[in-house]
Amino acid sequence: MSPYDRQPQKSFWKTAVAAKNMFEIADLWAPKFQISADMPIAAYGSCFAQHFGAALRAREFDWLVTETCPFPLTAEHALTFNYGVFSSRTGNIYTTSMLLQWCKWAAGEGHLPDEIWQQGDRFVDPFRPRIEPDGFDTEAELRSSRLTAIKYFRQSIEQARVLTFTLGLTERWSNKVNQTEYPICPGTAAGQFDENIHEFNNMSFAQVYENLSAASAIMKSLSPKLKILLTVSPVPLTATAGQEHVLVATMHSKSILRSVAGQMALENPDVDYFPSYEIINSPAFRGAFFNPNLRNVSHSGVEFVMESFFDCQSASFPQAKKRRAPTRAKQTDIICEEELLAAFGPKE
Amino acid sequence: MKICLLGTSHIAPVSATWEGGLKAKNPNHSITFFGAPGTQILGLKNKANKLVPNNDKLAENFKITSGGHSFIEPRLFDIFVVMGLCRDLHMLGTIIGGGYSIAVTTQSLVDYWKCSNLLRMVKRVRAATGSPIFAAHNPLQSEHANRAVNKVSFGEIIQISNAVAFSNLGAELIGQPSETIVRETATATRFSENALRLAVKGRPAGTLHDTRETRHMNQAFGHLWLSEFLLKLDTN
């Protein structure tokens, strides 16, 4: 008799993976808490997080959007202006430090920088450089929009029962002078790069973990009953600013993010980890869910991830009301500033 | 000026005030009304530069409201007014003053008008004539039914709407008279008392809405509206 004798079938690679058609691999997640259709769910994070909101909306879950667009704006134009991409108009939050930065602003901690980038006669928000496709008309308009986003970010935390956060990157760009972090390197999507002001840092496990813990603590202080569901983006880096090959840098970065997410889930009863990263990236799935560029996740990959998510929820909470089949929502493009870095690579 | 005023049930108080006295006071103008309730007027199609109903019911209502014409011959008119087909215009005030960026605000108004039947009908009329076209929205809902408060003036809503949707069609959206508006969002309740219904088959002119009516207006409203409009024509 060994401890392995008591392990279920899912614990053994041969029976749980090797002997199965990859689409039959199931039971990948044992959710800690139920996520039901009537729970307001907020979502933030990297580009991949955008799929979460769309999947929830398609299944008529209560996808919480606190910063809503004006009523006549068409769905297409709402997306152009980044409404409904996340629960408020934060743009992509790639790192745990950037999440902490938003949480601090929302909680009124620390100082809110006044940095604005000017491009011709337009004004760009360094913390949401693509939030308005052509920038803002005036600095005052930008400042007002930034404060509005912070207000609705806070509201989304206060009103959500579950917040999903997708960890995307460990590499980050910050301002040495005012200690703020940008979602993307200045001089790429917008702004001017200045090596005297802007610095690169690839966060360690400890840094990612500390930032996420601190962000989580602020969110819990704003909403004590909030549950947090972490995922890790399976999407590789578009480019690295470090010295390693981008493939190695990707694995390094994703390994840290995956470890932090696992550690957080292990230590906190209100934090869970959903393995979308593994579903897309495990060799068991043979890279089948990537588009030909081996970076972007295909529509079928996203669908498989989300079906796994809802299947695992149903299996763990069978008493829950049966969820609706997804409506055939138009597949929308994911908004991802990080992809702009590809333009800086060698030309073919 | 030979004016063609086509529209929904909201032409009733304008028609009543014209026949009830303004016609005699304005011998330099003539107005022919073409009306039909609800959205029936959307059945008006452009056929060889004539605006022709695509169904008998609409043609019948045109005959009743115009005094015998079942279709519109654009070359017989100098000016066109399209009235109605646009509810709750004041809601645009929640956008203009709502803290959105200028780009978002502008795009929202473009999208609003793109979907509106009023603009659709103006485009249809424009395809049939090069003459000036004025667009007139439904009256704002009366104040006891409409508690909204706007941060911007109704005039601003009209001005921006013209800039984003009407001026490039050579048309102009005209707002209801300012003395009929309260809180920038509603029509003073006195104008919805004894509101007039449109005369159609089986319902004579002068028939009133019931006392709870909030969206249709009375002859006093029609008088103010038409007086202001005719003054605008005379001034220009």
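Structure notes:
Residue-by-condition table, conditions (1) within 14 Å of chain A (Cβ to nearest Cβ); (2) at pLDDT below 95; (3) surrounded by fewer than 22 Cβ atoms within 10 Å (Cβ to Cβ):
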| residue | (1), (2), (3) |
| --- | --- |
| B:Phe33 | no, no, no |
| B:Ile41 | no, no, no |
| B:Val52 | no, no, yes |
| B:His69 | no, no, yes |
| B:Ile79 | no, no, yes |
| B:His90 | yes, yes, no |
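- Among residues of the range A:219-263 being free of Cβ contacts under 8 Å to residues at least 40 places away in the same chain and of a type in the set (Ser, Thr, Tyr), the one that is nearest to A:Phe290 (Cα to Cα) is A:Thr250.
- Scanning the range B:148-202 for residues that are in contact with a Pro (Cβ under 8 Å, 6 or more places away or on another chain) and assigned to a helix (DSSP H, G or I) yields B:Thr180, B:Phe191.
- Subset of the range B:101-140 (residues that are part of a helix (DSSP H, G or I), within 14 Å of chain A (Cβ to nearest Cβ) and among the small types (Gly, Ala, Ser)): B:Ala103, B:Ser108
- Considering residues of the range A:270-323 that are in a loop (DSSP other than H, G, I, E, B) and aliphatic (A, V, I, L, M) only, the residue nearest to A:Ala342 (Cα to Cα): A:Leu294
- Taken together, the criteria exclude A:Ala315 from residues that are surrounded by 19 or more Cβ atoms within 10 Å (Cβ to Cβ) and of a type in the set (Gly, Ala, Ser).
- When the criteria are applied in full, A:Ser174 meets the requirement of being in contact with an Asp or Glu (Cβ under 6 Å, 6 or more places away or on another chain) and within 26 Å of A:Ala261 (Cβ to Cβ).
- Hits in the range A:78-112 - residues which are within 14 Å of chain B (Cβ to nearest Cβ), outside any loop (DSSP other than H, G, I, E, B) and either open to solvent by 40 Å² or more (accessible area, probe 1.4 Å) or basic (Lys, Arg) (or both): A:Leu79, A:Thr80
- Restricting B:Thr65, B:Thr106, B:Thr129, B:Thr94 to residues that are within 30 Å of A:Asn82 (Cα to Cα) and in contact with a helix residue (DSSP H, G or I) (Cβ under 8 Å, 6 or more places away or on another chain) narrows the list to B:Thr106.
- Each residue in the range A:38-63 was checked for being open to solvent by less than 20 Å² (accessible area, probe 1.4 Å) and either in a loop (DSSP other than H, G, I, E, B) or within 14 Å of chain B (Cβ to nearest Cβ) (or both), and 4 of them qualify.
- The set of residues in the range B:101-137 being touching an Asp or Glu at 6+ places or on another chain (Cβ under 9 Å) and either open to solvent by 40 Å² or more (accessible area, probe 1.4 Å) or farther than 20 Å from B:Leu169 by Cα (or both) consists of B:Ser101, B:Ile102, B:Ala103, B:Val104, B:Pro132.
- Test result for A:Phe193, open to solvent by less than 10 Å² (accessible area, probe 1.4 Å) and either of a type in the set (Lys, Arg) or not in a strand (DSSP E or B) (or both): no
- Annotation: of all residues in the range A:161-180 being within 20 Å of A:Phe48 (Cα to Cα) and open to solvent by less than 10 Å² (accessible area, probe 1.4 Å), the one that is nearest to the chain's Cα centre (by Cα) is A:Thr166.
- Selection status of B:Asn46, in contact (Cβ under 8 Å) with a residue 12 or more places away in the chain, more than 15 Å from the chain's Cα centre (by Cα) and surrounded by fewer than 19 Cβ atoms within 10 Å (Cβ to Cβ): yes
- Residues of the range A:128-140 satisfying the condition of being open to solvent by 30 Å² or more (accessible area, probe 1.4 Å) and either in a helix (DSSP H, G or I) or within 7 Å of chain B (Cβ to nearest Cβ) (or both): A:Asp134, A:Asp137, A:Glu139, A:Ala140
- Cross-chain or 6+ apart pairs with Cβ under 6 Å, the range A:113-140 first and under 18 Å from A:Glu337 (Cα atoms) and modelled with pLDDT of 95 or more, then exposed (fewer than 13 other Cβ atoms within 10 Å of the Cβ) and not polar (S, T, N, Q): A:Ile116/A:Glu139; A:Phe123/A:Glu139
- Among the residues listed as B:His216, B:His144, B:His223, the single one being open to solvent by less than 40 Å² (accessible area, probe 1.4 Å), in contact with a helix residue (DSSP H, G or I) (Cβ under 7 Å, 6 or more places away or on another chain) and in contact (Cβ under 8 Å) with a residue 60 or more places away in the chain: B:His216
The values are calculated or read from the model by the stated rules, or taken from the named source; none is laboratory data. What you see is a predicted model; the values in this text were computed from it and never measured. Glycine gets a Cβ as well: all are built from the backbone with ideal geometry, and neighbour counts include every protein chain shown. The protein model used for the area step is the full one, side chains on, heavy atoms only, and it has no ligands, DNA or RNA in it. Shrake-Rupley method; radii C 1.70, N 1.55, O 1.52, S 1.80 Å.
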